[in-house]
Each structure stands twice: as structure tokens, then as C-alpha cells.
Amino acid sequence: MQVVILAGGFGTRISEETDHIPKPMILIGNEPILMHIMKYYASFGHKDFVVALGYKAEIIQEFFATRIPALEKLGWTVNLVDTGLHTFTGGRIAKLFPHLEQEFLMTYGDGLSNVNLDALLAHHRAHGKLATVTAVRPPARFGSMEIENGLVQRFSEKSPQEAGWINGGFFCLNKIVCSYVQDELTAFEGKPIDRLVQESQLAAFDHHGWWQPMDTLRDKRTLEALWNDGNAPWKLGRVNI
């Protein structure tokens, strides 16, 4: 199935890196996180990619210029589409409309997971909705304390299970969702998602496994440590490029 990756944002929360390169090109180990994401999808047999570019698009274009021939030999198709510098996520999806199949997978260019993509797709098709979002628990960042009479009675690391469900960024979509986007300044996570919810057209796929966004330098270091220690949950070992 076709995979859309939104890779055009400014990445301002990790500006230590993105002042010079687009966020999806930040290295984890010796490869950009974008390649880690693409390899993960390819390990499930999804090798037809449409990448929505924006901020510093030329850097991603230059990266793939020398790699596409090798990727094509492995059955990959990589279509790089410049969707504009200031376009929001919904606008980027809508601008891809001429390139989209009727159903496609979609994710952002800055997050990794060990989500079962086969199960996600099966869940989407079983429910027959226009969109399915992967629901995840956010990574635990803070411990918790119980205090009584000025004394700590319990101190523990915060469990992700204590937090609510959030958008994990791994979607299955019908291209009809493009009609839910008003203009290029529409965030997909805003009015389009709200309308899908109101129309009972958004299914949720619960993912209880590992998930990690790369929003900050701390997140990048977390991913790097997992990779360097050989404990990367997203590396299935079935793709070697």
C-alpha cells in the first residue's frame, strides 16, 4: 500500500538541529530518521512512498537523488512532492491528491514505533471508516509522589498507562479526507479530524507497544541511545540497505 510521509515542517522545537537541515533528515545512527521510518514500512511490504516536502526541501531531494536507483532495485518507489514552505499538515495531504491512491498509509517524518502495520491495516479495513488513527500512550517523563502530612508516602516512576490516549501518527486514510481540508493553512489534526469524529468516520487502533516522537533534542538522544545499544524497537532486521 502507498505510504505518505509528511516531511515539510519547520521542526522549531528541535532548532538545535533544524536550523541547518529539515527535521526528517536528523541522523539516528548513520541515517536520517526519515530512512528509519521508510525502512520500517518497507519491512511490512509497503514500498511505494510519497514524501511531502516543504522546509529545506532541496536537502531531502539531494539525499534521494543518489539513492533512488538503488532503492528502485529493491522495489521501492519514492515520489518527492514539494507542498510549500508554509503549508500545514492538512494542506500538504490535500496538495498530494493527484498522487494518491484511494487508500493509503500516512505518518509524520519525525516519529518511530513498533506498531504492527499489518494489524493496523486489517483494523482499518474491518471498520470501513474514512480514517484510522493509531492511539498510543505518551512516553513517561515524570515520576509521581503521594504525600501525607508533609511526608512522601509513595514515590514511583510514572507509567505511560496512567496517561490518556494520544495521536501516535500512524494513519490509514481514504483520499476522500482531502475534501475535508479547507486550504493550505488547515492542520489535519484540527477541523478535518474534528469533522471525521463528528461523522463517526475516525476509527482508533490501540497500540500498546513502544512509540517515541522526536520533538526535542532529548528525544533524539533517546532514539540514538536505543540504536547505538542495539535495542531499537523499530528495527525488525528484514531490510538492509
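The values are calculated or read from the model by the stated rules, or taken from the named source; none is laboratory data. The structure displayed is predicted, hence computed values, not measured ones. Protein only, heavy atoms only, side chains kept; ligands, DNA and RNA dropped before computing areas. Shrake-Rupley method; radii C 1.70, N 1.55, O 1.52, S 1.80 Å.
In the chain, Cα pairs under 8 Å separated by at least six residues give a relative contact order of 25 percent.
Report summary: the helix-based calculation at 222 nm, which adds -39500 (n - 2.57) for every DSSP H run with n ≥ 4 and divides by the residues of the chain, gives -7500 deg cm²/dmol. Roughly what angle does helix 217-228 make with the longest principal axis of the chain, taking Cα atoms, 0 to 90 degrees, to the nearest 10? Helix 217-228 sits at roughly 80 degrees to that axis. Overall, the anisotropy analysis places the stretch 35-78 in the oblate class: the square-rooted eigenvalues a ≥ b ≥ c of its C-alpha gyration tensor yield a/c not less than 1.5, with a/b not exceeding b/c.
Using the Stokes-Einstein relation with a Kirkwood hydrodynamic radius computed over Cα pairs, the translational diffusion coefficient of the chain at 10 °C and a viscosity of 1.306 mPa s comes to 84 µm²/s.
Helix 33-42 axis versus longest C-alpha principal axis of the chain: approximately 70°, rounded to the nearest ten. Note on HIS208: accessible area approximately 130 square angstrom, rounded to 10, probe 1.4 Å, nucleic acids and ligands left out. With Cα atoms defining each centre, the stretch 190-224 and the stretch 71-137 are spaced 12 Å apart in the structure. The stretch between THR66 and TRP165 holds 31.6 nm of extra length on full extension. This uses 0.36 nm per residue minus the Cα-Cα distance.
With 28 Å as the limit on Cα-Cα distance, the pairs of LYS47/LYS235; LYS47/LYS191; LYS129/LYS235; LYS23/LYS235 that go past it are LYS47/LYS191; LYS129/LYS235.
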